[in-house]
Each structure stands twice: as C-alpha cells, then as structure tokens.
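Each value in this text was obtained by applying a stated rule to the coordinates, not by laboratory testing. Note that the structure is predicted; figures quoted are calculated from it, not measured. Positions of Cβ are generated from backbone atoms using ideal geometry, with glycine treated the same way; all protein chains shown enter the neighbour counts.
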C-alpha cells in the first residue's frame, strides 16, 4: 500500500510541475497576453495536484484512506 501511495505522490508532483511549466511557457512575453487562459488554467491545475499530493502525504503518515476517495 505504501508503494502505491508513493507512486501516486510522484505522479501528482510530476503533473504539478508539468502544469506549472505549461503556465510558464504560456506566460512568455512572445505570446503578449494571448494565452492568459492557458496560464490561469495551468496554474490552477498545478495547485490542485499539490493539494492532492498533500492529501496523499497525510494518508502515508497514517491518515484515513477515505480522504483520497
């Protein structure tokens, strides 16, 4: 069970980094504000994955698995 939670944690952190990388690319000056919706959605998506990763850490530390459902 701990290994599965660890894999889930790595996935969530990886997706958060991917979303924030997309937000960074969308925020480049060369797009001149044309991709603001991508920046906002990717940033919010990244924070959602961070919150999910924190919930996974809580379960790994002995919390209830129901928090992940």
Query raised in the report: With labels modelled as points extended 7 Å from the Cα through the Cβ direction, what inter-label distance (nm, one decimal) is found for residue 2 paired with residue 40?
Result: 4.4 nm
Query raised in the report: If each of residue 18 and residue 32 carries a label point 7 Å out from its Cα toward its Cβ, how far apart are those two points in nm?
Result: 3.2 nm
Query raised in the report: To the nearest 10 degrees, how steep is helix 2-26 against the longest Cα principal axis of the chain, on a 0 to 90 scale?
Result: 10 degrees
Query raised in the report: Quick one: which of 12-22, 34-44 comes out on top by average Cβ neighbours within 10 Å, and what's the full order, highest first?
Result: 12-22, 34-44
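Per DSSP H run of at least 4 residues, take -39500 (n - 2.57); add these up for the chain, divide by its residues and hand me the 222 nm value, nearest 500 deg cm²/dmol.
On the way: 2 runs with 50 residues, N = 69.
Helices in the chain give a 222 nm mean residue ellipticity of -25500 deg cm²/dmol.
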**Report entry** With Cα atoms, 0 to 90° folded angle of helix 36-60 axis to the chain main axis
**Finding:** 10 degrees
Requested in this report: For the chain, state what percent of all Cα-Cα pairs lands in each successive 10 Å bin, counting from 0 Å until the bin that includes the largest distance.
Outcome: 22, 39, 22, 13, 4
